[in-house]
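Take a look at the structure set out below.
The values are calculated or read from the model by the stated rules, or taken from the named source; none is laboratory data. Just so we're clear, the structure is a prediction, and the values are computed from it rather than from any experiment. Backbone-built Cβ (ideal geometry, glycine too); neighbour counts: all protein chains shown. All accessible areas refer to the heavy atoms of the entire protein, side chains included, with ligands and DNA or RNA removed. Shrake-Rupley method; radii C 1.70, N 1.55, O 1.52, S 1.80 Å.
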Amino acid sequence: MYSAKMPDGFLWGGAVAAHQLEGAWDVDGKGMSVADVMTVGSATQPREITDGVIAGKNYPNHSAIDFYHHYEEDIKLMAEMGFKAFRTSIAWTRIFPNGDDEQPNEAGLKFYDDLFATCHQYGIEPVITLSHFEIPFNLVKKYRGFTNRKLIDFFVRFATVCFERYRDSVKYWMTFNEIDNQSSYNNDFLMATNSGVILDKLTDQEKEAAMYQAAHYELVASALAVKIGHKINPDFQIGCMINYSPVRPLTPSSDDVLLADKYEQRRAWFSDVHVFGEYPNEVEAYITRNGYRPDITDEDRVVLKEGTVDYVGFSYYQSTTVSAEKVNPDQLNDLEKAVAVNPTLERSDWGWEIDPEGLRISLNHLTDRYHKPLFIVENGLGAYDKVEADGSIHDDYRVDYMKQHISEMEKAVEIDGVDLMGYLPWGPIDLVSAGTGQMDKRYGFIYVDKNDAGEGNLMRSRKDSFDWYKKVIQTNGLDL
Ligand code: P53
């Protein structure tokens, strides 16, 4: 298998999000977030988004793996693997419980002081996402989330407080997690998690129009945050974060190739705006043709130009294959409708296609498109693990998946010359799945004793992949 040493300073580590592991959902003044009103689902059953917290329902994020009270032990285990960086998010509702509060909650700020200090104690660099699927529920209810321009101010206030407080303890930031997920505007879960909008009673066209509006306000909020962040500390590296999936045409036909291009344009415009500070022609034309009139002011356009990002952070899980037999390229709106099954790829137990070469292709596409440093801030395999009688967990399928992906990543750096900051696979410790709310969809090198029903003693233990990843980091990627 191909392998190469990564450049000095390469950030090996892992990535999580506050709501998926902290638990302590109503502790020390924390408010209710959109993640707190999502029930447990499964591979086939979507999570229900309830109108507030309803007694008797199972909300897995409420207690998660109780990282809030276990972080010292957990960071120590990550340090044992040799982590150079740890990506997490700051739960917006720990800092501004209702989102529109005038003053931040000191207890919430203090928690992250302690967490970041623990990371630094082990030489681990925190990498922080400001908004990762955990918008205050009050902003969802009272303002209809990011469809309301007022949300820009609330987000910027939150970002500014974080930048000032953690000026000397955090260098790497990202504004909105997987901001491009909402291109699937027909998916209620993705709209709620990205933008805090619940659109169930609207027509498809109204949903799409609302998505363009919400995304625009987020992009303006992000650009303002980048500007302010750089003033607070010029050494800050502030990136965007997208869910990148290279698009493969099912056949070499012109229609399939064009559809793949259209699909890419309709997703990549989010990062285009983040990086270039302006909307690409295709999307401007599309919005106009459809009669959507988002509120985009001249002043907004200036802000977008002034607040462009320093790097492009992205998650990579799978590629996307499209077929013009499903939809004519000129009629592409709902992206999901174009997707075809790729007959050459295997799938995970949750139906996610496994495509290691897609990671190398992604790194090349993004480099050619943006000419910016890239940062892989998520990648991994969600799988069922089996605990043996002696407590060991032989997750060779996970090691196999990661080996192949890291090998492709190393080709991109060594052969293709990609400027890559680091590799932070998803969920180094088992946590609540965002998509399904399950605990048993596991990504970790560290096992946590808790299941979908919420049972377990929360004990942490090392899977076989733990020692394997430790060796990869020790050899800076040479020994896979
Ligand atoms: P889970 C959808 C598509 C791709 C990535 O996902 C996604 C989602 C939302 O489920 O989410 C990212 O937990 C996200 C993480 C999430 C991870 O991928 O559904 O940034 O919060 O946990 C994996 O298996």
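Considering only protein heavy atoms, what is the solvent-accessible area of I354 at a probe of 1.4 Å, reported in Å² to the nearest 10?
Solvent-accessible area, nearest 10 Å²: 50 Å².
Counting only heavy atoms of the protein chains, get the accessible area per residue of the chain (1.4 Å probe) and round it to a whole Å² value. Could you put the intermediate results ahead of the total?
Numbers: 18050 Å² over 480 residues.
Ligands and nucleic acids excluded, the result is 38 Å² per residue.
Would you mind telling me the share, in percent, of accessible area of the chain contributed by carbon and sulfur at probe 1.4 angstrom? Walk me through the intermediate numbers first.
Numbers: 8580 of 18050 Å².
Accessible surface attributable to carbon and sulfur in the chain totals 48 percent.
P(r) tail for the stretch 336-465, what percent of Cα pairs lie past 27 Å? Could you put the intermediate results ahead of the total?
Working: 2431 of 8385 pairs.
Beyond 27 Å sits 29 percent of the P(r) for the stretch 336-465.
Quick one: compute the contact order of the stretch 344-480, relative version, from alpha carbon pairs under 8 angstrom and 6+ residues apart, as a percent.
Working: 205 pairs, mean separation 32.0, N = 137.
That works out to 23 percent.
Under 37 °C and 0.692 mPa s, how fast does the stretch 51-111 diffuse according to Stokes-Einstein, given a Kirkwood radius computed over C-alpha pairs? Answer in µm²/s, whole number. Before the final figure, lay out each step's value.
Working: Rh = 14.3 Å.
This corresponds to a translational diffusion coefficient of 230 µm²/s.
Rounding to the nearest 20 debye, state how big the charge dipole of the chain is about its Cα centre with +1 on each Lys and Arg Cβ and -1 on each Asp and Glu Cβ. Intermediate values should be presented prior to the final figure.
Values: 48 positive and 76 negative charges, 108 e Å.
Dipole magnitude for the chain comes out near 520 debye.
Using helices alone, what [θ] at 222 nm do you get for the chain, with -39,500 (n - 2.57) per DSSP H run of 4 or more residues, divided over all residues and rounded to the nearest 500? Present the calculation step by step, with values, prior to reporting the outcome.
Values: 14 runs with 184 residues, N = 480.
Taking each H run of at least 4 residues, the total per residue is -12000 deg cm²/dmol.
Would you mind calculating the gained length between R293 and T475 on full extension (0.36 nm times residue separation, minus the Cα-Cα distance), in nm to one decimal? Spell out each step's value before the answer.
Values: separation 182, 0.36 × 182 = 65.52 nm, distance 5.32 nm.
Roughly 60.2 nm would be gained on extension.
Taking the stretch 257-336 as the region of interest, what is the percent of Cα-Cα pairs per 5 angstrom bin, listed from the shortest bin to the one with the maximum distance?
Final binned percentages: 3, 12, 20, 22, 18, 14, 8, 3, 0.
Ignoring the sites themselves, what is the longest stretch of the chain with no trypsin sites (Lys or Arg not before Pro) in a DSSP loop and at most 15 other beta-carbon atoms within 10 Å? Display every interim value, and only then the final one.
Working: sites that count: K5, K57, R167, K201, K326, K386.
It runs 202-325.
At a temperature of 37 °C and a viscosity of 0.692 mPa s, determine how fast the stretch 303-356 diffuses translationally according to Stokes-Einstein, using the Kirkwood radius over alpha-carbon pairs as Rh; express D in µm²/s, rounded to the nearest whole number. Show your work: numbers first, answer last.
Numbers: Rh = 14.0 Å.
Roughly 234 µm²/s, to the nearest whole number.
Run down the lysines and flag those whose C-alpha is under 28 Å from the C-alpha of K403, throwing out any fewer than 8 positions away in its chain.
Output for K403: K5, K76, K84, K372, K386, K411, K441, K450, K463, K470, K471.
Between K337 and N98, what FRET efficiency comes out of the Förster formula 1/(1 + (r/R0)^6) with R0 = 45 Å and r the beta carbon distance, rounded to 0.05? Let's see the in-between values first.
Details: r = 38 Å, r/R0 = 0.84.
That pair, N98 with K337, gives E of 0.75.
Projected area of the chain, taken from the Cα convex hull and averaged over every viewing direction, in nm²?
Values: hull surface 84.7 nm².
Taking a quarter of the hull surface, the average projection is 21.2 nm².
Could you check the spin-label model distance between A43 and D400? Points 7 Å from the Cα along Cα→Cβ, value in nm.
1.6 nm
Three principal axis extents, largest first, for the C-alpha atoms of the stretch 389-476, in Å?
Projected onto its principal axes, the Cα set of the stretch 389-476 covers 47, 30, 19 Å.
With N residues in the stretch 343-388, what two-decimal value do you get for its Cα radius of gyration over 2.2 N^0.38 Å? Walk me through the numbers before you get to the answer.
Working: Rg = 14.4 Å, N = 46, 2.2 N^0.38 = 9.4 Å.
Ratio of Cα Rg to 2.2 N^0.38 Å: 1.53.
Between the stretch 459-480 and the stretch 148-208, how far is it from one alpha carbon centroid to the other, in angstrom?
The two parts, judged by their Cα centres, are 34 Å apart.
Per residue, how big is the convex hull around the C-alpha atoms of the stretch 223-304? Give it to me in cubic angstrom, could you? Kindly include the intermediate steps, with their values, before the conclusion.
Values: hull volume 9.4 nm³, N = 82.
So the per-residue hull volume is 114 Å³.
List every DSSP H helix in the chain whose Cα atoms extend 15 Å or more along the helix's own long axis and whose mean Kyte-Doolittle hydropathy is at least 0.0. Let's see the in-between values first.
Details: long enough: 67-80 (20 Å, -0.86); 106-121 (22 Å, -0.26); 150-165 (23 Å, 0.72); 204-232 (41 Å, -0.12); 254-276 (30 Å, -0.50); 356-370 (22 Å, -0.77); 396-414 (26 Å, -1.13); 464-474 (16 Å, -0.89).
Helix filter hits for the chain: 150-165.
To the nearest 20 debye, what charge dipole does the stretch 13-60 have about its Cα centre, counting +1 at the Cβ of each Lys and Arg and -1 at the Cβ of each Asp and Glu? Before the final figure, lay out the partial values.
Numbers: 3 positive and 6 negative charges, 29 e Å.
Dipole about the Cα centre, nearest 20: 140 debye.
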